[in-house]
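Participant: This is the structure I want to talk about, given as structure tokens.
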Amino acid sequence: MKRVFTGLLLAAVLLAGCGKKQTEPAPPADPAPETDVGQILAADCAGAYAAITEDLACLVSVEEADGTVTTLDIIPDNAWNVAGRENGFPVSYDWSPAEAGDWEALPAGGGTLFTLADADSQTSIQCRSDSDLVRWQRGGGAVSYASAVNPREGEPYEGKFCRQLAIIAEDAVGAWARDVTADGALSPAEAAEVLGEGLAENYRAVPAWVTWKPEDTAFGGADVFDWYRGQPENFCCGMGLRIKLADPEGEGASHWQAGAGLGQPDEDGYYGWGCEALVKKNEAGDWYLVGTGTGGFSVELPLGELDQASLAQLTDAFFLTEGSTHDWLLPYYILSRSQAELSALPALLDQRTEDEARAMCRALASCAESTKESFPWTLEDLAEALGEYGPYLRA
């Protein structure tokens, strides 16, 4: 019986253990998230940039290795690549902490210093062309330092952080180069020559730190292709320059390669480069370049949307223009009216000389022939609408 009792006692102990809930070991706690110092630095620098550029009105200065300083006003008219640039700070660079000593240890005269600042210089960002260090200050408070490394540096159009500010500065230089004027008493043809010479002179004076600076620039001539003689008087012209570049295939050459590109150089190493320009008069009455581009310019007419202008307004404008607007644009919008509307045109031509009436009819006929698929009526319909002026269409 003693053996049985011992077996029963052991069974009781095992059963008691089965009925008791087992305690599982507690899972290890998740580690506290580490603070990403780099992202904090990137966000803080981005905040400084956003504060500086909020109104697209700030200052950028460039100090060259020899101590020469160029300071440029950034305004909406030249701030083409300013807005939103801070959004790329956290994703385009690897940020890490730096100290004032790192900045102070940069060799004197070792690179070009770029500074972007608000009007009172209380908030600013600085960087150098020979370093990945960035120095910034917000609202006159403590100065922060970081290293912002571009992991793609060396790839096409990938460079150091300083390119963020250099692009802004270069845009301002480009706007300055095109800030030329000519005496308002000059004819459009004469003014275009003066403006072209001034443009070439300014391009020759572009600072050395600008990546697209040409080695030399010469004026090759201008051609006025559109002119509105009314008020405000304005004209469009093509300008040709001859430029010499140190590296025609380099990053800086992209400034000159827009549109049709540069083609082949002449025997002296100069490339032909052209642009179109809209020219108006400023408050002082002088001609100035309103804008330049690769093409598609036409004069500004004080008529609003041309498809909303009256037939009389279009007709009056026709006799105040010369060039592409006179030869094609205004005739096209006149012809876009219905045949019934065009029946009012003879009365408007009665107010013009015979030569003027013939000139308009010839322009309408030429436009109608080249765009006949755009209108639901034929040249014969147009002749009928013009009444006694119909024969002038083929004169």
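Participant: Quick one: is residue 316 within 20 Å of residue 230 (Cβ to Cβ) and surrounded by 15 or more Cβ atoms within 10 Å (Cβ to Cβ)?
Facilitator: Details: within 20 Å of residue 230 (Cβ to Cβ): yes; surrounded by 15 or more Cβ atoms within 10 Å (Cβ to Cβ): yes.
For residue 316, the condition - within 20 Å of residue 230 (Cβ to Cβ) and surrounded by 15 or more Cβ atoms within 10 Å (Cβ to Cβ) - is met.
Participant: Let me confirm something: among 189, 185, which residue is part of a helix (DSSP H, G or I), outside the structural domain of residue 87 (by TED's automatic domain parsing), among the aliphatic types (A, V, I, L, M) and exposed (fewer than 15 other Cβ atoms within 10 Å of the Cβ)? Before the answer, list the steps.
Facilitator: Values: 185 fails: part of a helix (DSSP H, G or I).
Being part of a helix (DSSP H, G or I), outside the structural domain of residue 87 (by TED's automatic domain parsing), among the aliphatic types (A, V, I, L, M) and exposed (fewer than 15 other Cβ atoms within 10 Å of the Cβ) holds for just one of 189, 185, which is 189.
Participant: Go through the range 196-235 residue by residue and tally those that are part of a helix (DSSP H, G or I) and in contact with a Leu (Cβ under 6 Å, 6 or more places away or on another chain). Step through it out loud before you land on a result.
Facilitator: Of all residues in the range 196-235, those part of a helix (DSSP H, G or I) come to 196-204.
Cutting the leftovers down to in contact with a Leu (Cβ under 6 Å, 6 or more places away or on another chain) gives us 200.
So the answer is 1.
Participant: Looking at the range 161-173, can you tell me whether even one residue there is basic (Lys, Arg), in the same structural domain as residue 90 (by TED's automatic domain parsing), on the phi < 0 side of the Ramachandran plot and touching an Asp or Glu at 6+ places or on another chain (Cβ under 6 Å)?
Facilitator: Restricting attention to the range 161-173, the residues satisfying the condition of being basic (Lys, Arg) are 163.
Right, trim to in the same structural domain as residue 90 (by TED's automatic domain parsing) and you get 163.
Checking which are on the phi < 0 side of the Ramachandran plot leaves us with 163.
Then keep just the ones that are touching an Asp or Glu at 6+ places or on another chain (Cβ under 6 Å); that gives none.
No - not one qualifying residue is present in the range 161-173.
Participant: Being in the same structural domain as residue 221 (by TED's automatic domain parsing) and not hydroxyl-bearing (Ser, Thr, Tyr) narrows it down to one residue among 340, 317, 253; which is it?
Facilitator: Step by step, each of 340, 317, 253 is checked, and only 253 is in the same structural domain as residue 221 (by TED's automatic domain parsing) and not hydroxyl-bearing (Ser, Thr, Tyr).
Participant: Can I ask one more? Evaluate the following for residue 363: is it under 29 Å from residue 278 (Cα atoms), in a helix (DSSP H, G or I) and free of Cβ contacts under 8 Å to residues at least 60 places away in the same chain?
Facilitator: On the way: under 29 Å from residue 278 (Cα atoms): yes; in a helix (DSSP H, G or I): yes; free of Cβ contacts under 8 Å to residues at least 60 places away in the same chain: yes.
So residue 363 fits the description; yes.
Participant: Could you tell me which residue of the range 208-229 is nearest to residue 64 (Cα to Cα), considering only residues that are of a type outside the set (Ser, Thr, Tyr), buried (at least 16 other Cβ atoms within 10 Å of the Cβ) and in contact (Cβ under 8 Å) with a residue 60 or more places away in the chain?
Facilitator: Here the residue is 209.
Participant: Further question: Given the conditions (1) surrounded by fewer than 17 Cβ atoms within 10 Å (Cβ to Cβ); (2) touching an Asp or Glu at 6+ places or on another chain (Cβ under 9 Å), which single one is not true for residue 249?
Facilitator: So the condition that residue 249 fails would be (2).
Participant: Filter the range 69-100 down to the residues that are free of Cβ contacts under 8 Å to residues at least 24 places away in the same chain, in contact with a strand residue (DSSP E or B) (Cβ under 9 Å, 6 or more places away or on another chain) and not aliphatic (A, V, I, L, M) and list them by number.
Facilitator: 71
Participant: Within the range 319-330, does at least one residue satisfy the condition of being within 30 Å of residue 256 (Cβ to Cβ) and in contact with a Leu (Cβ under 9 Å, 6 or more places away or on another chain)? Talk me through it step by step, then tell me what you get.
Facilitator: Of all residues in the range 319-330, those within 30 Å of residue 256 (Cβ to Cβ) come to 323-325, 328-329.
Then keep just the ones that are in contact with a Leu (Cβ under 9 Å, 6 or more places away or on another chain); that gives 325, 329.
Checking the range 319-330: at least one residue is within 30 Å of residue 256 (Cβ to Cβ) and in contact with a Leu (Cβ under 9 Å, 6 or more places away or on another chain).
Participant: Right, next: Output the number of the condition that residue 289 fails; it satisfies all remaining conditions of (1) modelled with pLDDT of 95 or more; (2) assigned to a loop (DSSP other than H, G, I, E, B); (3) surrounded by 13 or more Cβ atoms within 10 Å (Cβ to Cβ).
Facilitator: Residue 289 satisfies all of (1) modelled with pLDDT of 95 or more; (2) assigned to a loop (DSSP other than H, G, I, E, B); (3) surrounded by 13 or more Cβ atoms within 10 Å (Cβ to Cβ) except (2).
Participant: Of all residues in the range 287-306, which are within 18 Å of residue 179 (Cα to Cα) and either in contact with a His (Cβ under 6 Å, 6 or more places away or on another chain) or among the aliphatic types (A, V, I, L, M) (or both)?
Facilitator: 289, 290
Participant: Out of all the residues in the range 298-315, is one or more free of Cβ contacts under 8 Å to residues at least 12 places away in the same chain, out of contact with any Cys (no Cβ under 7 Å at 6 or more places or on another chain) and assigned to a helix (DSSP H, G or I)?
Facilitator: yes
Participant: Out of (1) under 23 Å from residue 324 (Cα atoms); (2) modelled with pLDDT under 95, the odd one out for residue 279 is which?
Facilitator: Of (1) under 23 Å from residue 324 (Cα atoms); (2) modelled with pLDDT under 95, only one is false for residue 279: (2).
Participant: Which numbered condition in (1) touching a Gly at 6+ places or on another chain (Cβ under 6 Å); (2) among the hydrophobic types (A, V, I, L, M, F, W, C); (3) not in a strand (DSSP E or B) is the only one that residue 357 fails?
Facilitator: Single failed check for residue 357: (1).
Participant: If only one of 148, 166 is modelled with pLDDT of 95 or more and under 16 Å from residue 52 (Cα atoms), which one is it? So that I can check it myself, show each step before the final result.
Facilitator: On the way: 148 fails: under 16 Å from residue 52 (Cα atoms).
On inspection, the qualifying residue turns out to be 166.
Participant: Turning to a different aspect of this structure: Residues in the range 343-360: is at least one surrounded by 16 or more Cβ atoms within 10 Å (Cβ to Cβ) and without any contact (Cβ under 8 Å) to a residue 12 or more places away in the chain?
Facilitator: yes
Participant: Another question, if that's okay. In the range 42-63, which residue that is acidic (Asp, Glu) and in contact (Cβ under 8 Å) with a residue 24 or more places away in the chain is nearest to residue 122 (Cα to Cα)?
Facilitator: Step one: filter the range 42-63 for residues acidic (Asp, Glu), giving 44, 54-55, 63.
Among the residues that remain, those that are also in contact (Cβ under 8 Å) with a residue 24 or more places away in the chain are: 44, 63.
On the way: 44: 15, 63: 19 Å.
Of everything passing the filter in the range 42-63, 44 is nearest to residue 122 (Cα to Cα).
The values are calculated or read from the model by the stated rules, or taken from the named source; none is laboratory data. Keep in mind that what you see is a predicted model, and the values were worked out from it rather than measured. Methodologically, a virtual Cβ is constructed for each residue, glycine included, from the backbone with ideal geometry; neighbour enumeration extends over all protein chains shown.
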